[in-house]
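Colleague: Could you have a look at this structure, given as structure tokens, before my questions?
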Amino acid sequence: MAQHNLSRAEIADIESHTSEQIFPLSMFSSADELYRHALEILSNVMFHQELIYKDIPPDWAQTVLDRLDEEFEGRFSCHQPWAINQKARWNRAGLTTTEEDEDLNVSVGTTISFVSGPYANSRKEPDLFFEPGCRRFPSLVMESGWSESLSRHQDDVNLWLVGGQGEVKATIILNWQRVTNTDTVKGSVYLYTLDRDGIPRLKQNITVFPAPPPAQAATEQLVLSRREIFGGDVHQGRNPNDEFTFSINLLREMAIDALGWMGLVPA
């Protein structure tokens, strides 16, 4: 089967009609052809798109998803240096001892399986997670995506906070959106935690770009507790209610650098 190349007109048509498009297996003769098709659409759209490929063989699906993850994570992964640098700041500020700092792992590229509970048999690779020691689930998960719908964000939140059965204490969602017909990017960050009844709740929502006036920007931060960062396994003698913050200005710095490599700028 010949490769199906999308013209600019076809891409524009996809954007203008609906955020959901369905493509049958018969369009593609190989996983590579499917990958190129998805990559071309995702590289050109300016807002949220859901691509649904029907009846795709599982080995094709895994190959394509892995390649797309590598492609887009490689382009924009500011959440990784943000998390790593923030963890180092906690240690320098005396919030963590050397033992606590070494016990708190920051990891990527790991698929986590849900073997029981409401999401049994599901599998998910978080964009980044904090894991104190060796645990079945991380304590804190970060997911970063471009122009994803609020319903998709809620799906991720429920998977981690409900599927984690209380072990995952918080989820941070970073959402980036390229402004139509420009090289500028908007961004927001959402912090979800569990309430007293174990129900996910939106605790904070902060706009990353456009940035507010400098005085306000300097004070913006996500706030979690020691208990949420360490997943309940708080070291002896430590206050589980100590505040651990994530600086939004630090995230802005990391995002500006990453956007520059893509030829983009903040809104």
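The values are calculated or read from the model by the stated rules, or taken from the named source; none is laboratory data. Worth saying up front: this structure is predicted, and the values here are computed from it rather than measured. All Cβ positions, even for glycine, are placed from backbone atoms using ideal geometry, and neighbour counts span all protein chains on display.
Colleague: Would it be correct to say that ASN205 is surrounded by fewer than 16 Cβ atoms within 10 Å (Cβ to Cβ), modelled with pLDDT of 95 or more, under 22 Å from the mean Cα position of the chain (by Cα) and outside any helix (DSSP H, G or I)? Step through it out loud before you land on a result.
Modeller: Working: surrounded by fewer than 16 Cβ atoms within 10 Å (Cβ to Cβ): yes; modelled with pLDDT of 95 or more: yes; under 22 Å from the mean Cα position of the chain (by Cα): yes; outside any helix (DSSP H, G or I): yes.
It is true that ASN205 is surrounded by fewer than 16 Cβ atoms within 10 Å (Cβ to Cβ), modelled with pLDDT of 95 or more, under 22 Å from the mean Cα position of the chain (by Cα) and outside any helix (DSSP H, G or I).
Colleague: In addition: Only residues in region 232-256 that are in the same structural domain as PRO81 (by TED's automatic domain parsing) count as the first member; pair them with residues that are surrounded by fewer than 16 Cβ atoms within 10 Å (Cβ to Cβ) and of a type in the set (Val, Ile, Thr), Cβ under 6 angstrom, at least 6 apart or cross-chain, and list the lot.
Modeller: These pairs meet every condition: GLU243/VAL223; THR245/VAL223.
Colleague: Look at region 175-200 and say how many of its residues are charged (D, E, K, R) and either modelled with pLDDT of 95 or more or more than 30 Å from PRO118 (Cα to Cα) (or both). Steps first, please.
Modeller: Step one: filter region 175-200 for residues charged (D, E, K, R), giving 178, 183, 186, 195-197.
Now restrict to residues that are either modelled with pLDDT of 95 or more or more than 30 Å from PRO118 (Cα to Cα) (or both): 178, 183, 186.
Residues that pass the stated criteria total 3.
Colleague: Where residues in region 225-267 are part of a helix (DSSP H, G or I) and acidic (Asp, Glu), which of them is modelled with the lowest pLDDT? Spell out the reasoning first.
Modeller: First, pick out the residues of region 225-267 that are part of a helix (DSSP H, G or I): 226-229, 248-261.
Among the residues that remain, those that are also acidic (Asp, Glu) are: 228, 253, 257.
Details: GLU228: 96, GLU253: 96, ASP257: 91.
Only one residue tops the list, namely ASP257.
Colleague: Out of everything in region 96-142 that is among the aliphatic types (A, V, I, L, M) and over 22 Å from PRO200 (Cβ atoms), what residue ends up being nearest to the chain's Cα centre (by Cα)? Lay out the reasoning, then the answer.
Modeller: If we filter region 96-142 for residues that are among the aliphatic types (A, V, I, L, M), which is where we start, we get 104, 106, 108, 112, 115, 120, 128, 140-142.
Now narrow it down to the ones that are over 22 Å from PRO200 (Cβ atoms): 104, 106, 108.
Numbers: LEU104: 19, VAL106: 14, VAL108: 11 Å.
Among residues in region 96-142 that are among the aliphatic types (A, V, I, L, M) and over 22 Å from PRO200 (Cβ atoms), the one nearest to the chain's Cα centre (by Cα) is VAL108.
Colleague: Another question, then. In region 158-198, what residues are of a type in the set (Gly, Ala, Ser) and in a strand (DSSP E or B)? Walk me through how you get there before you give the answer.
Modeller: Applying the first criterion (of a type in the set (Gly, Ala, Ser)) to region 158-198 yields 163-164, 166, 170, 187-188, 198.
Matches in region 158-198: ALA170, GLY187, SER188.
Colleague: Looking at (1) farther than 27 Å from TRP261 by Cβ; (2) surrounded by 19 or more Cβ atoms within 10 Å (Cβ to Cβ), which one does TYR190 not meet, given that it meets all the others?
Modeller: Here TYR190 meets the rest and fails (1).
Colleague: Regarding ALA31, is this residue at pLDDT 65 or above and either among the acidic types (Asp, Glu) or at negative phi (or both)?
Modeller: Yes: the conditions hold for ALA31.
Colleague: I'm trying to understand the selection: among the residues of region 208-224, which are in a strand (DSSP E or B) and among the hydrophobic types (A, V, I, L, M, F, W, C)? Before the answer, list the steps.
Modeller: The first filter runs over region 208-224 and keeps only residues in a strand (DSSP E or B), leaving 208-209, 221-224.
Result: VAL208, PHE209, LEU222, VAL223, LEU224.
Colleague: With the condition being modelled with pLDDT under 80 and not small (Gly, Ala, Ser), I'd like the strands (runs of 3 or more DSSP E) fully within region 37-151 carrying at least 1 qualifying residues. Working first, answer last.
Modeller: On the way: elements: 50-54, 104-107, 112-114, 122-124, 128-132, 140-146.
Fully inside region 37-151 and qualifying: 50-54, 140-146.
Colleague: Looking at region 206-217, I want the residues that are assigned by TED's automatic domain parsing to the domain that holds LYS186 and have a partner that is part of a helix (DSSP H, G or I) and exposed (fewer than 11 other Cβ atoms within 10 Å of the Cβ) with Cβ atoms under 6 Å, at least 6 apart or on another chain. Which pairs are those?
Modeller: none
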